[in-house]
1. In segment 343-401, how many residues are assigned to a loop (DSSP other than H, G, I, E, B), modelled with pLDDT of 95 or more and farther than 30 Å from Gly237 by Cα?
2. Regarding Leu156, is this residue at pLDDT 95 or above, near the ligand (Cβ under 9 Å from one of its atoms), among the aliphatic types (A, V, I, L, M) and crowded, with 19+ Cβ neighbours inside 10 Å?
3. Is it the case, given these coordinates, that Val299 is touching a strand residue (DSSP E or B) at 6+ places or on another chain (Cβ under 8 Å) and either polar (S, T, N, Q) or in a strand (DSSP E or B) (or both)?
4. Under 9 Å between Cβ atoms, at least 6 apart or on separate chains: pull out the pairs that start in segment 50-64 with a residue that is outside the structural domain of Ala121 (by TED's automatic domain parsing) and end on any residue that is of a type outside the set (Gly, Ala, Ser) and at pLDDT below 95.
5. Please go through segment 313-336 and give me each residue that is touching a residue at least 24 places away in the same chain (Cβ under 8 Å) and closer than 28 Å to Phe27 by Cα, ordered by number.
6. State yes or no: is Lys193 open to solvent by less than 20 Å² (accessible area, probe 1.4 Å) and within 26 Å of Phe256 (Cα to Cα)?
7. Right, Phe27: assigned to a loop (DSSP other than H, G, I, E, B) and in contact (Cβ under 8 Å) with a residue 24 or more places away in the chain or not?
Amino acid sequence: MGNPKAFLTINRKEAGYRPVLERIEDFGEVEQTLNTEDRMLQASRCMDCGVPFCHWACPVSNRMPEWQDALYKGKWQEAYEIVSATNNFPEFTGRVCPALCEKSCVLALQDMPVTIRENEAAIVERAFQEGYIKPNPPQKRTGKKVAVVGSGPAGLAAADMLNRKGHNVTVFEKDELSGGLLRLGIPDFKLNKKIIDRRIKLLEAEGIVFINNVEAGKDISTPELLKNFDALCLCIGAGKPRDLPVEGRELKGIHFALQLLRQQNRWVRGTEVPPKERIGIENKHVLVIGGGDTGSDCVGTSVRRKAASVTQIEILPMPPRKENPLTPWPLYPNVLKTSTSHQEGCTRRWSLATQRFVGNNGHLSGVEVVDTQTGVAEIIPADLVFLSMGFVHPVHEGLADELGLLYDTRGNIAVTTTSQTSVDKVFVAGDAHLGAGLVVRAIDSGRRAAQAIHAKITL
Ligand SMILES: Cc1cc2nc3c(=O)[nH]c(=O)nc-3n(C[C@H](O)[C@H](O)[C@H](O)COP(=O)(O)OP(=O)(O)OC[C@H]3O[C@@H](n4cnc5c(N)ncnc54)[C@H](O)[C@@H]3O)c2cc1C
């Protein structure tokens, strides 16, 4: 701990965001960066607590106090080495993690936690700039072959760890590009896709084989996979969206959130979206059903696509603005979150349950909702609805059912011991097992699965 008084003398300083009127004109990342001097000063605010709650709250058990100290002292490479010892992809979490660590930082008690997430992003970007992140293929190959199915953060982390052990890793991905929800879910204004391309290039140079546009269980059969590989690691995500099967669901204009976000991410990349699949948003009244992060991404996307109005509704009551006695520090607080997308222009409403969709000539014109507190019903006019109520579990049809996997009571892929499914040689990681969650949890889960697979195939 370089400066034991910094937390008393230096305030939290965030890099901030590009001005709203500028950023809604493009899909570039909204977050800005701090200058080097300020960044190091922010690191000096870490108190190196006897019990580092940040470390405890972090799913990958990042060693924050150690790398904050290195950063404060300008030892950028050392800081990177500590960060990357527990996190394969700090460039992803440094951008999109909700930073559980910051919520449990002791300085959060004064509302001024250390800027841990931003510091992490700065360290990894510096590491790329200075060239000490470079391909580091394993010295020896074991001859063992592992198939990773799905290239989201769980699959990438598992592949990376197994490759480092010298196993031959092939990643099968049904989409045209690797990255899972990082690529086709999370919008570019939160995560520029060049960041994913940069990492995939590195993993390829280290020897991982990526095969895209191949759906395991369909384009490559399940028996073939089991025969050709010593182990399978299923990282197929929680792809089944929660539907809202009420009257009028068949009307035109009602889409799952990911239909919009996948299309938008492809569009930003320059991929032509066939005209009949395009969701026209300009001058439309948009209603986003579901008050979470996916909904917020639909808000930001709709604003950029020049919707006439954007409203987001949530069935639960509005959470407290600041403190919630049900989730006291150091727990992750269930309090009102206002994302950058919300700041860009959106009406937010709570305690509204959807009763039915109403329409004219087969097209949506409004949504009847009822206030769960007062019982009063109303119709919110809407031309477009994006259903953003989360995901129920992984897709069972195809690979998972064919393998005869057991599911838990929520429909996620069940494990017997760490990451091992009910079928020999078949492991699971990420949302497919944990349920829809966070990038950082998926990375951790991928790391754990890799450990279990390594132990199994080198017995
Ligand atoms: C819109 C949205 C925004 C989000 N924003 C954030 C955020 O800001 N911060 C955060 O921490 N988390 C966020 N999340 C959650 C986070 O993206 C996920 O928790 C994480 O990506 C899960 O990783 P995963 O590797 O388990 O699965 P996924 O990322 O879902 O990847 C699964 C991959 O498997 C592939 N696949 C599935 N079946 C097959 C098959 N049979 N053969 C081949 N490939 C297959 C899929 O195509 C997909 O690419 C967001 C989620 C969504 C939907």
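The values are calculated or read from the model by the stated rules, or taken from the named source; none is laboratory data. Since this is a predicted model, take the numbers as computed values, not measurements. All Cβ positions, glycine included, derive from the backbone under ideal geometry; neighbour counts span all protein chains shown. All accessible areas refer to the heavy atoms of the entire protein, side chains included, with ligands and DNA or RNA removed. Shrake-Rupley method; radii C 1.70, N 1.55, O 1.52, S 1.80 Å.
1. Looking only at that region, the number is 9.
2. On the way: at pLDDT 95 or above: yes; near the ligand (Cβ under 9 Å from one of its atoms): yes; among the aliphatic types (A, V, I, L, M): yes; crowded, with 19+ Cβ neighbours inside 10 Å: yes.
Yes, satisfied.
3. So Val299 does not fit the description; no.
4. none
5. Taking segment 313-336 as the starting set, the residues that turn out to be touching a residue at least 24 places away in the same chain (Cβ under 8 Å) are 313-318, 329-333.
Passing the criteria: Ile313, Glu314.
6. On the way: open to solvent by less than 20 Å² (accessible area, probe 1.4 Å): yes; within 26 Å of Phe256 (Cα to Cα): yes.
Yes.
7. Working: assigned to a loop (DSSP other than H, G, I, E, B): yes; in contact (Cβ under 8 Å) with a residue 24 or more places away in the chain: yes.
Against the criterion (assigned to a loop (DSSP other than H, G, I, E, B) and in contact (Cβ under 8 Å) with a residue 24 or more places away in the chain), Phe27 qualifies.
For every residue, the table says whether it meets (1) more than 24 Å from the chain's Cα centre (by Cα); (2) farther than 30 Å from Ile281 by Cβ; (3) within 16 Å of the ligand (Cβ to nearest atom).
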position: Gln343; (1), (2), (3): no, no, yes
position: Phe357; (1), (2), (3): yes, no, no
position: Gly375; (1), (2), (3): yes, yes, no
position: Leu403; (1), (2), (3): yes, yes, yes
position: Arg410; (1), (2), (3): no, yes, yes
position: Lys425; (1), (2), (3): yes, yes, no
